[in-house]
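The values are calculated or read from the model by the stated rules, or taken from the named source; none is laboratory data. Quantities reported herein were computed from a predicted structural model and do not represent experimental measurements. Neighbour counts run over all protein chains shown; Cβ positions are idealised from the backbone, glycine included.
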Amino acid sequence: MILSATMLVEILLQLIPAMQSLLLSSTATEESQLNRWVYIMLLAGIMQIGLLGYMLLFIDWVTLWAATLGNLFFIAAYAGLFAILILSKGQNDILSYLQLDLEQSPAGKQAMWCMVCMFMLIAQSFFAGRYARRWKRDK
């Protein structure tokens, strides 16, 4: 239960920029379109909430391993985006596809956010994997 609570907090923290952008666009007077990264972040949040629901429905060491592997997928995505933001200095096709407005927030700030989310997911995966291994061994 502690792991699922920390996973919920982690998901909500990851969704802060997307929710902030969504709220700002809903209160805007002119009709503005949301950037692609907002939709991708919301989709990733829904996928993580689904993984959390799976972990809560089927309480077993296997579901903890599934949550660990699911988190590793998101870690890889954040690590890739972090590397692109650091190495490309804002000039990349992926960044333009995601519509990351580097004028509004610099690439360094976005890279730090990716690193913070990556470290949260790494810590979650470590403890979930460790607890799953201990649970399997004791069973």
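Could you grab me the full set of residues in the stretch 103-135 that are in a helix (DSSP H, G or I) and at pLDDT below 85?
Those that are in a helix (DSSP H, G or I) and at pLDDT below 85: A107, G108, K109, Q110, A111.
Checking the condition modelled with pLDDT of 90 or more, touching a helix residue (DSSP H, G or I) at 6+ places or on another chain (Cβ under 7 Å) and of a type in the set (A, V, I, L, M), which residue from I86, I49, I94 passes?
I49
Looking only at the stretch 78-88, count every residue that is surrounded by 12 or more Cβ atoms within 10 Å (Cβ to Cβ) and over 16 Å from C117 (Cα atoms) and tell me the total.
Qualifying residue count, the stretch 78-88: 1.
Please go through the stretch 34-46 and give me each residue that is without any contact (Cβ under 8 Å) to a residue 24 or more places away in the chain and either surrounded by 15 or more Cβ atoms within 10 Å (Cβ to Cβ) or in contact with a helix residue (DSSP H, G or I) (Cβ under 8 Å, 6 or more places away or on another chain) (or both), ordered by number. Break it down stepwise before answering.
Taking the stretch 34-46 first, the residues without any contact (Cβ under 8 Å) to a residue 24 or more places away in the chain are 34, 38-39, 43, 46.
L34, V38 - these are the residues of the stretch 34-46 that are without any contact (Cβ under 8 Å) to a residue 24 or more places away in the chain and either surrounded by 15 or more Cβ atoms within 10 Å (Cβ to Cβ) or in contact with a helix residue (DSSP H, G or I) (Cβ under 8 Å, 6 or more places away or on another chain) (or both).
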